[in-house]
Amino acid sequence: MLPNWGDLHEGIPEFLSPAAVELAWTRYQALMVEKLNYLIAGMLSIGTSLHRAYTWGIGGDGLLFLGYQLVVDNLLTIASGGQHEFKTPKDIAMIYARDPNSAPLFNYASMAHNNHFFFEALSKRTTDIPKDVKADIVRCFGSVETLKREMIVTAGSMFGPGFVWLVRNNDHANGGKRLNILTTYLAGSPYSGAHYRKQGVDMNTQAADVTRGPPVNPQVGAHGRLSNKPGQTAPGGIDVNPILCINTWEHVYLPDFGVGAEGVDGKMAYAESWWEHINWNQVWDRGYNTSGDKSNKYAT
């Protein structure tokens, strides 16, 4: 489902230009879904012929979009009736998170989910932070300004593409539901179901007291005795619920912000602008709406 921005051709004023949205959302998301559906449908062998079939329309954006839509629709039709017919990209990523032989399936599914998660929480206008979200931010970080600086600095410190997440800890036994910042690289996932994977780490974005133990016991891998227990948390892992993220992949910010020069960091400028375009209503829906009714008015 597309984020509710109205006319996508306008982009997100003072943040992402129409061309940047076209690249980072419309084209890139279509590519992730297309690749994922190829893998699910077992159609990688005909990818080249399909590519040739619609790239002739690149000169016209309408034809290009139509080409992508036809490919996606055809692949979904072919995949219908299979085991993944009604599963979301997140579901598929969690299914294959423990299987190293299915890394491409995990990567495309996780990236499709992460990218949607990022764009879904963007807004063309400034939104107020709901009172219960703000109360948690103040309780866990001291102030909204502190969280803002931590998210922006963390995004700017990442050496390579990935995501910076604001997550809510679901572990009631250890301090209750606290908010924390978590980083993942490439298509890495913040969900506990993916914590068995050996995911990239940059110590510039990790607390100094983080320790790394030995490799995970193979009993809980793809084929071990605990492999069919989806609720099983990886050793040292915690159950978290992501509620917000910023995408630090270069193709998202380079078109509008560049790499920066003369003391100005393009990625930092991008992160600063992102903060002003967060849809905090969506954040509330993800972590605080216990009614399940997405049509409810947000608490202010």
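Read-outs throughout are calculated quantities, based only on the coordinates presented, and are distinct from any laboratory measurement. No experiment lies behind these values; they were computed from the predicted model shown. Heads up, the Cβs are rebuilt from the backbone with ideal geometry, glycines too, and the neighbour counts pull from every protein chain shown.
Proximity of backbone amide H atoms, modeled 1.01 Å from N, is registered between L179 and N169 at under 5 Å, excluding neighbours fewer than 5 places apart on the same chain. Put simply, when 280-288, 10-18 are sorted by average Cβ atoms within 10 angstrom per residue, most first, you get 280-288, 10-18. The 3J(HN,Hα) values that the Karplus relation (6.51, -1.76, 1.60; θ = phi - 60°) gives for region 17-24 are, in residue order, 5, x, 5, 5, 5, 4, 6, 7 Hz. Gly and Pro appear as x.
Coupling constants for region 104-117 follow from the phi torsions by the Karplus curve (6.51 cos²θ - 1.76 cosθ + 1.60, θ = phi - 60°), and in residue order they are x, 4, 4, 4, 5, 5, 5, 5, 4, 5, 4, 5, 5, 4 Hz; glycine and proline get x. Label positions at S17 and T88, each projected 7 Å from the Cα along the C-beta direction, are separated by 3.3 nm. Once backbone amide H atoms are built at 1.01 Å from N, N279 has L122, S123 as its partners under 5 Å, excluding neighbours fewer than 5 places away on the same chain. Electrostatic bookkeeping for I137 treats Lys and Arg as +1 and Asp and Glu as -1; over the other residues with beta carbon under 15 Å from its beta carbon, the sum is +4.
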